[in-house]
1. May I ask you to give the average projected area over all directions of the convex hull of the Cα atoms of the stretch 40-95, in nm² rounded to one decimal?
2. Can you give the accessible area of LYS84 in Å² (nearest 10), computed on protein heavy atoms with a 1.4 Å probe?
3. If you roll a 1.4 Å probe over the chain with all protein chains in place, what percent of the accessible area is carbon or sulfur?
4. Go ahead and set up a Gaussian network model of the chain, Cα springs under 10 Å, then flag whichever of TRP18, TRP65, TRP35 fluctuates most.
5. When all alpha-carbon pairs of the chain are counted, what percent fall beyond 20 Å?
6. Name the most mobile residue of GLN89, GLN79, GLN19, meaning the one with the largest mean-square fluctuation, in a Gaussian network model of the chain with Cα contacts below 10 Å.
7. Just subtract the alpha-carbon distance of PHE57 and ILE26 from 0.36 nm times their residue separation and send over the number in nm, one decimal.
Amino acid sequence: SEVLHVQSDGTIVLRSGWQDHVGASILLDGEDRGWFKDTDPANAFCLHDVVRSLTDFWERRGSGWALTDDDDIEFSTEQYLRIKAEFMQEYNSHFDGVDGVGRFGI
């Protein structure tokens, strides 16, 4: 992983420069749920400051998120939401089928 590292004692730590490699889901969920320092100055979610400070490395630009030192948009919100909706539909269909088999012997 470019974000996490497992040390020899089994401890999981963030890699150096991990902020550049977070996924769109972290940025979009953080924005939607108000995790970041600018929207939750009192830290009501009790998240570590390194997570809350992602907006020091990433910024919202029009239709997506971009690294603050880069001109290109890295994550398109519309594209992410479309992929998420497709995944949720497939996920629900799969488990509806599993539940149907388990419940009704179909």
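The values are calculated or read from the model by the stated rules, or taken from the named source; none is laboratory data. Just so you know, these numbers come straight off a predicted model, no measurement behind them. We work out accessible area using only protein heavy atoms, side chains counted, and drop any ligands, DNA or RNA first. Shrake-Rupley method; radii C 1.70, N 1.55, O 1.52, S 1.80 Å.
1. That works out to 5.7 nm².
2. 90
3. Roughly 52 percent, rounded to a whole number.
4. Of the options given, TRP18 has the highest mean-square fluctuation.
5. Tail of the P(r) past 20 Å holds 56 percent of the pairs.
6. Its mean-square fluctuation being the largest, the pick is GLN89.
7. Result: 9.9 nm gained on full extension.
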